[in-house]
Amino acid sequence: MKRAGQKAAISVESLFRKFGNFTAVDGISFEVSSGEIFAFLGPNGAGKTTTIKMLTTLLHPTRGKMMVNGFDPVHEKDAARHSFGIVFQDPSLDDELTAQENMEFHGVLYGIPNVLRRERISYLLDLVELSERKNSLVRTFSGGMKRRLEIARGLLHHPKILFLDEPTLGLDPQTRNKIWEYVKSLNKKEGMTIFFTTHYMDEAEKVADRIAIIDNGKIVAQGTAGELKKTTKSKSLEESFLKLTGHHIREENSSPKDRMRLDRRLWRR
Amino acid sequence: MGILYVMWLRQLKRYWRSKPRMVGMLGLPLLFLVALGFGFGPIYQKAGGGDYIQFLAPGVTAMTILFAAMFSGIEVIWDRQFGFLKETLVAPVSRLQIMLGRTLGGATVAVIQGIIVLAISMLVGFRISDLILLPLALFFMFLIALLFTALGTAIASMLEDMQAFPLIMNFIIMPLFFLSGALFPLVGLPDAIMVIALFNPLSYGVDALHAMLGGISTFGIWIDFIVLGALTLAVFAAGSYLFEKIEI
Ligand SMILES: Nc1ncnc2c1ncn2[C@@H]1O[C@H](COP(=O)(O)OP(=O)(O)OP(=O)(O)O)[C@@H](O)[C@H]1O
Ligand SMILES: [Mg+2]
């Protein structure tokens, strides 16, 4: 999907990743333009996180080509790492440090100058309403508070590309709204490219410029929310998501191999 | 604030905040000091070795540093399990810097533990032979700490979880300690034991501490310095490489 005059922030071509015999990412290709907000949707175990890990240098692809901000995450790791920020799906905070210390650590690691760092930390801790608890050890936080801190930390440096892997998982609607407002403003003001996953379809519909839907490691559809609804003749994005990925598809017409995959997925959870 | 500094500071804060671990890690060295020091003391004296505490204290100090350093290094596994390792791995920081930052912090912690044990050994009768050499003794303590923190880190970066920990404890840490000349002098030993001791990096650390604290050396401190220094560099290089290979 090349667009005239727009440079691709992320491009992926026939990307594969196997774990043993199991193919988690099965030859996907897509492109995200610079300055775009791109949603990557799919059922549990579809391969979203695995794709993000490959794009962010944490995992080697089995096969295929990737570019992140013009750099290859396999062979130009350092340059690629300078290009993105990420909020992980799984916890990645240091429990034995305070909220403030986790933020400071990140700020220094990403080379944010002192004054700016302090300003942003206090602004972001305010945004996620953790200012009052900033000197408590993260170990003492609730799940939602930890999640909010992860997001605040991910927004601390302003990269070219921001990966958000289910950022709003387990957050209340107020916080979700505030965070998306802030992310949209970063996208507008700084032209930051946003690549996110979510299981809240309304969120994807409201925020994303374009959407790709992945299922069993393959991309089954991409386009704007409008286009997806049109091609699937659906009223909502949720309906078209279900049509594309199937209500019961795995039980109904799955081969024994698929069933094994499903079992395996269930065991992992 | 530099990258190395925050990584160093993080290790120190974690150390300071986990007092039980801090105290727990002193248990074994102190047990060795007291049980062996007083238990073998009379025999050692009869055999003409002199005051055993005088011999044992530098060895037990080296042991404290070895344990604390390896444990700090192995903390990488916890970071992996709790998820924090991802945060450092995606950062735009060279792997050598990550390795250095972690290692400097862990080594500092190990040296502090070593100083505590050295101080306690002085309470039970150890005398430093020449106080002027104390800064050099501290230098060698730090070098030992660096080497083994780096080694622990390098090993841990190849492991997924703590299951291999008993293996590391029983087949690396314990043999390093027991076959290093920390408990007995490296003279008049059977050839096999002597060869193993000569291939054991800790032997050179223990020898350096014997030289600096007790005034006796088997290898000479230049040999000690060169062996420890060269190995530290090699382990750093290996560790940075292994860090680059980590997949999560
Ligand atoms: N390290 C691993 N070893 C083996 N299998 C793995 C590993 N990581 C992921 N998988 C498998 O790859 C598949 C895709 O996982 P992935 O985490 O990418 O899914 P996802 O789309 O992010 O799902 P979710 O919405 O639940 O987060 C799953 O079946 C999972 O079990
Ligand atoms: Mg996921």
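The values are calculated or read from the model by the stated rules, or taken from the named source; none is laboratory data. Owing to the predicted nature of the structure, the values given are computational and were not obtained by experimental measurement. When we count neighbours, we look across all protein chains shown, and the Cβ atoms used for this are built from the backbone with ideal geometry, even at glycine. Remember, those area values only see protein heavy atoms, side chains included, never the ligands or the DNA or RNA. Shrake-Rupley method; radii C 1.70, N 1.55, O 1.52, S 1.80 Å.
Structure values in brief
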item	result
Condition check for residue A:33: away from chain B (no Cβ under 14 Å), open to solvent by 20 Å² or more (accessible area, probe 1.4 Å), at pLDDT 95 or above and away from ligand 2 (no atom under 16 Å from the Cβ)	no
Options A:44, A:114, A:102; residue that is more than 15 Å from ligand 1 (Cβ to nearest atom) and surrounded by fewer than 23 Cβ atoms within 10 Å (Cβ to Cβ)	A:114
Number of positions in the range A:218-251 that are modelled with pLDDT of 90 or more, open to solvent by less than 50 Å² (accessible area, probe 1.4 Å) and part of a loop (DSSP other than H, G, I, E, B)	4
Sole residue being closer than 26 Å to residue B:240 by Cβ and of a type in the set (Gly, Ala, Ser), chosen from A:111, A:45	A:111
Criterion violated by residue A:92 - all others in (1) polar (S, T, N, Q); (2) away from ligand 1 (no atom under 16 Å from the Cβ); (3) farther than 20 Å from residue A:212 by Cβ satisfied	(2)
Of residues in the range A:117-129 being open to solvent by 100 Å² or more (accessible area, probe 1.4 Å) and not in a loop (DSSP other than H, G, I, E, B), the one nearest to residue A:155 (Cα to Cα)	A:123
Leading residue by the ranking (most open to solvent (accessible area, probe 1.4 Å)) among those in the range A:184-205 that are farther than 20 Å from residue A:10 by Cα and assigned to a helix (DSSP H, G or I)	A:202
Test: residue B:202 is more than 17 Å from the chain's Cα centre (by Cα) and not polar (S, T, N, Q)	no
Which listed residue is within 12 Å of the chain's Cα centre (by Cα), buried (at least 23 other Cβ atoms within 10 Å of the Cβ) and within 16 Å of ligand 1 (Cβ to nearest atom), from A:164, A:169	A:164
Complete set of residues in the range B:132-149 that are in contact (Cβ under 8 Å) with a residue 40 or more places away in the chain and either surrounded by fewer than 16 Cβ atoms within 10 Å (Cβ to Cβ) or acidic (Asp, Glu) (or both)	B:134
Filter result for residue B:97 (part of a helix (DSSP H, G or I) and more than 27 Å from residue B:232 (Cα to Cα))	no
Number of positions in the range A:47-59 that are away from ligand 1 (no atom under 12 Å from the Cβ) and either free of Cβ contacts under 8 Å to residues at least 60 places away in the same chain or basic (Lys, Arg) (or both)	1
Residue list for the range A:47-88, restricted to those being facing another protein chain (nearest Cβ under 10 Å), part of a loop (DSSP other than H, G, I, E, B) and surrounded by fewer than 19 Cβ atoms within 10 Å (Cβ to Cβ)	A:60, A:82
Some residue of the range A:206-217 being within 16 Å of ligand 1 (Cβ to nearest atom), more than 14 Å from chain B (Cβ to nearest Cβ) and surrounded by fewer than 22 Cβ atoms within 10 Å (Cβ to Cβ)	yes
Pair list, Cβ under 7 Å, 6 or more apart: the range B:150-168 residue farther than 19 Å from residue B:238 by Cβ, other residue open to solvent by 10 Å² or more (accessible area, probe 1.4 Å)	B:161/B:81
Residues located in the range B:10-38, provided they are surrounded by 12 or more Cβ atoms within 10 Å (Cβ to Cβ), among the small types (Gly, Ala, Ser) and away from every other protein chain (no Cβ under 14 Å)	B:37
Candidate set from the range A:15-24 (those that are hydrophobic (A, V, I, L, M, F, W, C) and either within 14 Å of chain B (Cβ to nearest Cβ) or surrounded by fewer than 20 Cβ atoms within 10 Å (Cβ to Cβ) (or both)); member that is farthest from ligand 1 (Cβ to nearest atom)	A:16
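To keep it simple, each residue is scored yes or no on (1) at pLDDT 95 or above; (2) more than 14 Å from chain A (Cβ to nearest Cβ).
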site	(1), (2)
B:66	yes, yes
B:75	no, no
B:82	no, no
B:111	yes, yes
B:130	no, yes
B:135	yes, yes
B:149	yes, yes
B:163	no, yes
